[in-house]
1. Checking Ala21 against (1) among the aliphatic types (A, V, I, L, M); (2) touching a residue at least 40 places away in the same chain (Cβ under 8 Å); (3) surrounded by 15 or more Cβ atoms within 10 Å (Cβ to Cβ), which test does it fail?
2. Scan segment 38-54 residue by residue and report those that are closer than 20 Å to Arg85 by Cα and either exposed (fewer than 13 other Cβ atoms within 10 Å of the Cβ) or without any contact (Cβ under 8 Å) to a residue 40 or more places away in the chain (or both).
3. Answer with yes or no whether Arg111 is over 26 Å from the mean Cα position of the chain (by Cα) and without any contact (Cβ under 8 Å) to a residue 24 or more places away in the chain.
4. Inspect segment 75-85 for any residue being at positive phi and either without any contact (Cβ under 8 Å) to a residue 40 or more places away in the chain or not small (Gly, Ala, Ser) (or both) and give the result as yes or no.
5. Surrounded by 13 or more Cβ atoms within 10 Å (Cβ to Cβ) and either out of contact with any Asp or Glu (no Cβ under 6 Å at 6 or more places or on another chain) or within 19 Å of Thr13 (Cβ to Cβ) (or both): which single residue out of Ala64, Ala100 fits that description?
6. Specify the residue that is surrounded by the most Cβ atoms within 10 Å (Cβ to Cβ); the eligible residues are those in segment 1-18 that are over 18 Å from Ile62 (Cβ atoms) and not acidic (Asp, Glu).
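Here, each number is a calculation from the coordinates, and none is a lab measurement. In this text, all values refer to a predicted model and were calculated from it rather than measured experimentally. Here the Cβ positions follow ideal geometry from the backbone for every residue, glycine too, while neighbour counts run over all protein chains shown.
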Amino acid sequence: MEISKDLMAASSTPIVLAILAEADSYGYAILKRVRELSRGHMEWTDGMLYPVLHRLERLGHIEARWEVAESGRRRRYYRITPSGRDQLTLERRQWEAVDATLRGLWHLLARAAPALAR
């Protein structure tokens, strides 16, 4: 199943904030975590992730720092801020409202026209 670019873009902020609420992370690890959490349905690219990270940093929802990995490679790690945690709470409430609305519609559709609900 392919998820539309619009839906992926709309969900990117709460997904990134939630991943960073778990633990500090860097770009490739965030991409890998999205793939794991979505069971492979969401395949984000660098070109999609980094603008989100930069926007969240500009807004003060995340902070970045450079670290040197054991391999000697420099990685930019991101951490959620208190403002980011507040934003994550707001995003979660909004997505829960959208989810509840769609679940209600899917339920009504399944009762009214079972063939359309598949």
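1. (3)
2. Correct list: Leu49, Tyr50, Pro51, Leu53, His54.
3. Spelling it out, Arg111 is indeed over 26 Å from the mean Cα position of the chain (by Cα) and without any contact (Cβ under 8 Å) to a residue 24 or more places away in the chain.
4. Scanning segment 75-85 turns up no residue that is at positive phi and either without any contact (Cβ under 8 Å) to a residue 40 or more places away in the chain or not small (Gly, Ala, Ser) (or both).
5. Exactly one residue qualifies, and that residue is Ala64.
6. Met8
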